[in-house]
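The values are calculated or read from the model by the stated rules, or taken from the named source; none is laboratory data. Keep in mind that this is a model prediction, so the values were computed, not measured. Every residue, glycine as well, gets a Cβ built from its backbone with ideal geometry; the counts of neighbours run over all protein chains shown.
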Amino acid sequence: METRLVEYRVEDGVAIIQLSDPPANTYTYEMMRQLDESILQARFDPDVHVLLISGAGEKFFCAGANIKMLSEVTPDYKYYFCLHANETLNRLEQTPKLVIGVLNGHCVGGGLEIALACDIRIAKQGAGKIGLPEVSLGVLPGTGGTQRLARTVGKSRAIELMTTGRLMEFEEALELGLINYVYPAENFWDQVMDYARQFVPPNKASRAVGRIKRAVQSGWEMSLADGLALERELQQLLFQSEDAAEGLGAYVEKRTPQFKGR
């Protein structure tokens, strides 16, 4: 049987995808392929409204690519490995459902590149450090890191962080806008799940959440005029949904809406 390097389960409308090769949860081609399969499974499951990406164990979210594996393969294999990893993270970023990175331990190198492909990042207080130290290996962050970090913290700060390879505490990353929240270690997972459940029906119109994500992710790369056109197209689709009828009706009737994700 194939070794499971990515665990998948669904709880209360939330798909929990766990990188599972502790202690460091470094990824290989096999892990990235299983991650890709899990992303697709969650994307096309109508009962899944939010995805959580976490790491197994207590020490690492993910320490990036498996360096031993990379040192033993040809340059061509390295290139295609990075290409496949990029395709997987692009799929994660473009999935029309909210994706939350749960940083329960050190998040470095390719681990941060995975986290950057998530929409929201929540870190565990005192659990580790975060950064892109690839320059110390004589390479660059080649799984989207150079592009996504610059889009997150700005060009100048991104260049400084990557060329120095400096690692920082989660609290500093929070100040830079690299992380959205740092939650206390006590009852950390319960707090994360409570946060995720707010986006699950009946609390939120999850289809609207997904369309907001798509408008931002796709529109970011377009001209303003094209982005506005995409926004109008997505809004028209939402106007035809059951949840829009429920939300507008509940507002008029002064009651709490009960969304269904349809």
Q.
I'd like to verify a number: residues in the stretch 135-158 that are part of a helix (DSSP H, G or I) and in contact (Cβ under 8 Å) with a residue 60 or more places away in the chain, how many?
A. 2
Q. Quick one: which strands (runs of 3 or more DSSP E) sit completely within the stretch 35-105 and have at least 2 residues that are more than 10 Å from the chain's Cα centre (by Cα)?
A. 50-55, 60-62
Q. Quick check: is even one residue across the stretch 222-237 of a type in the set (K, R), at pLDDT 95 or above and either out of contact with any strand residue (DSSP E or B) (no Cβ under 9 Å at 6 or more places or on another chain) or buried (at least 18 other Cβ atoms within 10 Å of the Cβ) (or both)?
A. yes
Q. Across the stretch 80-120, which residue is surrounded by the fewest Cβ atoms within 10 Å (Cβ to Cβ) among those that are touching a residue at least 60 places away in the same chain (Cβ under 8 Å), in contact with a helix residue (DSSP H, G or I) (Cβ under 8 Å, 6 or more places away or on another chain) and under 17 Å from A56 (Cα atoms)?
A. I100
(Q) When you scan the stretch 137-150, do you find a residue that is farther than 25 Å from Y79 by Cβ, hydrophobic (A, V, I, L, M, F, W, C) and surrounded by fewer than 20 Cβ atoms within 10 Å (Cβ to Cβ), even just one? (A) no
**Q.** Residue, nearest to G13 (Cα to Cα), within the stretch 34-58, restricted to residues that are in contact with a Pro (Cβ under 8 Å, 6 or more places away or on another chain) and modelled with pLDDT of 95 or more
**A.** H49
Q. Which residue, of S218, S223, is within 19 Å of E93 (Cβ to Cβ) and of a type in the set (S, T, Y)?
A. S218
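Results for (1) farther than 26 Å from I114 by Cβ; (2) surrounded by 12 or more Cβ atoms within 10 Å (Cβ to Cβ); (3) out of contact with any Phe, Trp or Tyr (no Cβ under 8 Å at 6 or more places or on another chain), shown as yes or no for each residue.
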residue	(1), (2), (3)
Y181	no, yes, no
Q198	no, no, yes
K213	no, yes, yes
G219	no, yes, yes
(Q) Condition first: of a type in the set (D, E), surrounded by fewer than 24 Cβ atoms within 10 Å (Cβ to Cβ) and assigned to a strand (DSSP E or B). Can you find one or more residues in the stretch 6-13 that meet it? (A) yes
Q. Mind checking whether some residue in the stretch 218-239 is over 21 Å from R151 (Cβ atoms), in contact (Cβ under 8 Å) with a residue 12 or more places away in the chain and among the hydroxyl-bearing types (S, T, Y)?
A. no
(Q) Here is a check on your reading of the model: is V73 more than 21 Å from G142 (Cα to Cα) and either modelled with pLDDT of 95 or more or in the same structural domain as G105 (by TED's automatic domain parsing) (or both)? (A) no
(Q) Residue under question is F188, and the condition is that it be of a type in the set (F, W, Y), within 30 Å of G154 (Cβ to Cβ) and surrounded by 12 or more Cβ atoms within 10 Å (Cβ to Cβ); does it hold? (A) yes
Q: Could you please find all residues in the stretch 236-262 being within 20 Å of T95 (Cβ to Cβ) and out of contact with any Asp or Glu (no Cβ under 9 Å at 6 or more places or on another chain)?
A: L237, L238, S241, D243
Q: Filter the stretch 177-209 for residues that are touching a Gly at 6+ places or on another chain (Cβ under 8 Å), closer than 26 Å to A56 by Cα and not in a loop (DSSP other than H, G, I, E, B) and give the result.
A: R197
Q.
For the condition within 20 Å of V99 (Cα to Cα) and in a helix (DSSP H, G or I), what is the one hit in L174, L161, L237?
A. L174
